[in-house]
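Worksheet: the structure to be examined is printed underneath.
The values are calculated or read from the model by the stated rules, or taken from the named source; none is laboratory data. Here the structure is a predicted model, which means the values were calculated and not measured. Here the Cβ positions follow ideal geometry from the backbone for every residue, glycine too, while neighbour counts run over all protein chains shown. Calculation scope for accessible area: heavy atoms of the full protein, side chains included, ligands and nucleic acids excluded. Shrake-Rupley method; radii C 1.70, N 1.55, O 1.52, S 1.80 Å.
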Amino acid sequence: MTCKILSICLLFFGFQHCSSRECVDPLVSGLYASSFLASSRYNFLYSANFAKLYGSSGWSPSPRDRQPWLQVDLGRKYRLQAIATQGTFNSYDWVSKYTLLYGDRPDSWTPYIMIGGNSTLPGNWNYYQVKRNVFHYAFTAKHIRLLPLEWNTENGGKIGVRLELFGCAYDSYVLQYNGDDAVVYSYPEKRSHTLHDHIAINFKTLEQDGLLLHSEGIQGDLLTLELKKGRLYLHISLGSSVIHKVDGRITLTAGSLLDNLHWHYVTIKRYGRQVNFTVDSQTVTGVCKGEFTHLDLDNQMYVGGVIEPNLPHLPTTPNFRGCLENVFINGINIIDKAKREDPDIRIPRKKKMHFACRDILLRPMTFAGPNNFLQVPGFIRRPKLFVKFKFRSWDYTGLLMFTRFADDLGALELGLSEGQINVTIFQTGKKKIQFGAGYRLNDGYWHSVDLAARENLLTLTIDEEEGSPLKITNPFSIRTGDRYFFGGCPKTNNTLFKCETKLNRFHGCMQHIFIDNEQLDIDITLQRQWARYEELLIGTCGITD
């Protein structure tokens, strides 16, 4: 019975170094002071390392800190189940609402999303009572960051936080895929005949498409897991019959925007014809067609791609590019077997596999509030203007970029309107020039915008389609200004900050911003106080479908 519990736990969670006890160990109380970091502190007595639950003080940021955060380094990856918070001991300082970010590293974050798509967690109502939030899906992380959103201001109150995280140890088996490799697992006795299956796989990628799992049988049995346009598709068949005209294949779909370089947790559980397909917190249920109850697969399971394309039911999806973690096929740890060079595992072409995830460091930004904007510097009075960036959003309208020209020559505005990019050139004392390009760019996928302008010529390229850029040759003059605004204008003193627009604020994500052919390093720009921003999450793309 104990072995059965262990096996189910491994399969269900896909990553758990598991025991029969609950996964609710306190993880913060035993940490050293060096494990805590914050954007600022009120004074020494309110430093980040005082932010332990039931402690004698608490963390409070500087009153001048406009976007405060508290960060905890857990020392290793854990599976996290819940968080508990208090206010500062014996005070009027507590946080009533906050957002939680988590990640493997302190410069790349995933926002915790509650049921319904809300990223705001309820906090405290006094300093002493503990508010515990149980996560509706477990996730893994080494670092967490808490962002206060609302706090008590009565009786001189301010931000005050003490916290604890609850979870358990997590063993990670990782494999890097580059799109031209695969791992092939051979079934015992060269076939698989199962009434029930438990499959678990974790992945992260920047690609919209990729083949994760594939296996098939000569009687039409099939199991395929593939990523297509940022969504996961599970194709499964328990057998087909040409004589009885039965096509047993069904397809289940779950997840969205899964190409965001965040870890996603997938489980497939089947008993007979009943199938449960879970991606993160979303579960989809289906019933296989026909009368068969067993899945009969021949020879082997392909993990991460197929190098020998001679299978009749092989999809056209390209091989997976990214990282896989803790792949379990009915209790078999595939990546561990591959690392130990087990005879059940074959690596086509004898390629050397990398058993570590080589992260691509991206610094996306989420424009997440009613007053969000980013203001960054530019090079003034240049005769040519170059702006390039990527964005993803579900919004129909929103300001993407605004800049005012030097010498009172006018301004240029890039906006999202009904799924296309609108470019408007304002000229002092003249009629504005306006045109649009693109189609359905508010579909949630990443899109690139490349704008180049000089005297009497403007070129706009969307999604790097260099063969058909939009060119405008109306008469206008350009001298670049000293600042660029992304996502919105500052709420006050727009004349002073030279940003004026009638467009709504943009809500979504941006990354890879180039201004005058120089890539924006947001960390250095903020560190040197060259930029201003409001309601911006840096290091994560936190939009949901």
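Overview of values
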{"read-out": "Accessible area in square angstrom per residue, the chain, 1.4 angstrom probe", "value": "47 Å²"}
{"read-out": "³J(HN,Hα), Karplus 6.51/-1.76/1.60, whole Hz, each residue of the range 155-161, x for Gly, Pro", "value": "6, x, x, 8, 5, x, 9"}
{"read-out": "Degrees, to the nearest 10: 2-13 long Cα axis against longest axis of the chain", "value": "40 degrees"}
{"read-out": "Accessible area of the range 125-239 belonging to carbon and sulfur atoms, whole % at 1.4 Å probe", "value": "46 percent"}
{"read-out": "Eligible lysines near Lys471 by straight Cα distance, threshold 17 Å, same-chain separation 8 or greater", "value": "Lys384, Lys388, Lys432"}
{"read-out": "Placed amide H near His354: partners under 5 Å, 5+ positions off or other chain", "value": "Gln176"}
{"read-out": "HN-Hα J in Hz across the range 261-266 - Karplus 6.51, -1.76, 1.60, θ = phi - 60°, x for Gly and Pro", "value": "6, 9, 6, 10, 10, 10"}
{"read-out": "Positive-end residue of Asn43, Leu295, Asn422, charge dipole of the chain with Cβ unit charges", "value": "Asn43"}
{"read-out": "10 Å Cβ shell holding at most 14 others, DSSP loop, GluC sites (Glu not before Pro): longest site-free stretch of the chain", "value": "23-290"}
{"read-out": "Whole-Hz couplings from phi, Karplus 6.51/-1.76/1.60, listed for the range 221-236; x for Gly and Pro", "value": "5, 7, 9, 9, 10, 9, 9, 9, 6, x, 10, 9, 10, 10, 10, 9"}
{"read-out": "Percent carbon-and-sulfur accessible area, the range 405-519, ignoring ligands, DNA and RNA, probe 1.4 Å", "value": "43 percent"}
{"read-out": "5 angstrom amide H check on Thr397, placed H, neighbours 5+ away", "value": "Glu418"}
{"read-out": "Assigned charges on the beta-carbon of Lys, Arg, Asp, Glu; the range 449-537 dipole about Cα centre (debye)", "value": "580 debye"}
{"read-out": "Between the range 111-148 and the range 291-344, the Cα center-to-center distance that results, in Å", "value": "36 Å"}
{"read-out": "Distant-in-sequence amide H partners of Leu149 (H built 1.01 Å from N, under 5 Å)", "value": "Lys97, Tyr98, Thr99"}
{"read-out": "Kirkwood Rh and Cα Rg combined as Rg over Rh, evaluated for the chain", "value": "1.02"}
{"read-out": "Accessible heavy-atom area order of Lys77, Lys390, Lys491, highest first, probe of 1.4 Å", "value": "Lys491, Lys390, Lys77"}
